[in-house]
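Below you'll find the structure, written out as C-alpha cells, and then a few comments.
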Amino acid sequence: MTREEILNGVQEIFRDVFDEEDLIVEESSNSDTIEDWDSLNHINLVSAIEMEFGIRFALGELTALKNVGDMIDLMLKKLAK
Amino acid sequence: MNDYGFSDIYVGLEESFVTTIDDSMMKNFLDISGDNNPLHVNADYAKDKGFSDKVVYGLLTSSFYSTLVGVYLPGKYCLLQGLNIQFSKPVFCGDTLKIIGKVSYINEAYKQIEIKARILNQKDQKVSRATIKVGVMDE
C-alpha cells in the first residue's frame, strides 16, 4: 500500500468521524488545524483506522505522533510487517 | 450490576436482559421529554396512521442501550462515548423486549470497546440495532 493510498483511506475515515464530507486531510493536519479534533474524536479516529487497516497501535506509539504524516509513517511500518 | 474490568473483556463477550414496556414508562418519558406527538399519546390517531396502537418512543426503547452498557456490558466501569441507532420496527405497550449486546472490537490503546447491540420483541423480530462505543474506566 502506497503513502498516497493510505492518505486517501485516512481522509475517508476523517470525513466519517467528523461528519464532514468535504474535509481535506493533509500530512500536516493535526488537532490544531481540524476544529473538532478533540480527545474523544481522537479515540474514534484510532479505532476506525485500526479496524479499516487491520493494524493495532500501542499507547506509547500514539502519544509521539504530531500530525497525520507521522501517523502515516507509523502505519507504513506496521503494514510492511 | 456487572463489573467487567478492561482485562476481562474479549471480542464475542455477550450480555442481555429482558424488559416489558408499560404505560407508566410512556408517561414518564412524556414528562421528561415533552414529546407529545399524537403518534405516541393518542391511540386513535396512531390507528388512523396504520399502527395497531400508539407507538412507543424510539428513544424510550433506546434508553435500554444505556442500561445494557451501564449495568451489564461492561457495567460498573462503563463510560458511554457514542451510540448509533437504526430503528426497524415499531414497539407497542405490552411488548417484551430482549436487549442483547456483543463486544465486536477492542481498542487496547485507549481502553475503548465497540458493542454491536440489538433489541428483539417477543416475536424475535428486530426492532432496532445499534453500534455503541464505550470507554472502560480503571477499577
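What follows is calculated from the coordinates using simple rules that are stated; it is not laboratory data. Since the model is a prediction, treat every value here as computed from it, not as a measurement. Note that we place each Cβ from the backbone using ideal geometry, even for glycine, and neighbour counts take in every protein chain shown.
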Restricting attention to region B:47-73, report how many residues are closer than 21 Å to B:Gln86 by Cα and touching a helix residue (DSSP H, G or I) at 6+ places or on another chain (Cβ under 6 Å). 4
Among the residues of region A:11-47 satisfying the criterion of being within 12 Å of chain B (Cβ to nearest Cβ) and over 12 Å from B:Tyr110 (Cβ atoms), which is surrounded by the fewest Cβ atoms within 10 Å (Cβ to Cβ)? A:Asp19
Which is within 25 Å of B:Gly135 (Cβ to Cβ), part of a loop (DSSP other than H, G, I, E, B) and charged (D, E, K, R), of A:Asp16, A:Asp32, A:Asp22? A:Asp32
Taking the stated definitions as given, is B:Ile85 among the β-branched types (Val, Ile, Thr), buried (at least 20 other Cβ atoms within 10 Å of the Cβ) and either within 14 Å of chain A (Cβ to nearest Cβ) or within 16 Å of the chain's Cα centre (by Cα) (or both)? no
Give me a count of the residues in region B:104-132 that are among the polar types (S, T, N, Q) and either assigned to a strand (DSSP E or B) or within 14 Å of chain A (Cβ to nearest Cβ) (or both). 5
Unique residue being within 14 Å of chain A (Cβ to nearest Cβ), surrounded by 15 or more Cβ atoms within 10 Å (Cβ to Cβ), within 17 Å of B:Asn2 (Cα to Cα) and in contact with a helix residue (DSSP H, G or I) (Cβ under 9 Å, 6 or more places away or on another chain) when the list is B:Gly135, B:Gly101: B:Gly135
Under the condition of being facing chain B (nearest Cβ under 9 Å) and surrounded by 15 or more Cβ atoms within 10 Å (Cβ to Cβ), which residue from region A:48-81 is nearest to A:Asp16 (Cα to Cα)? A:Glu50
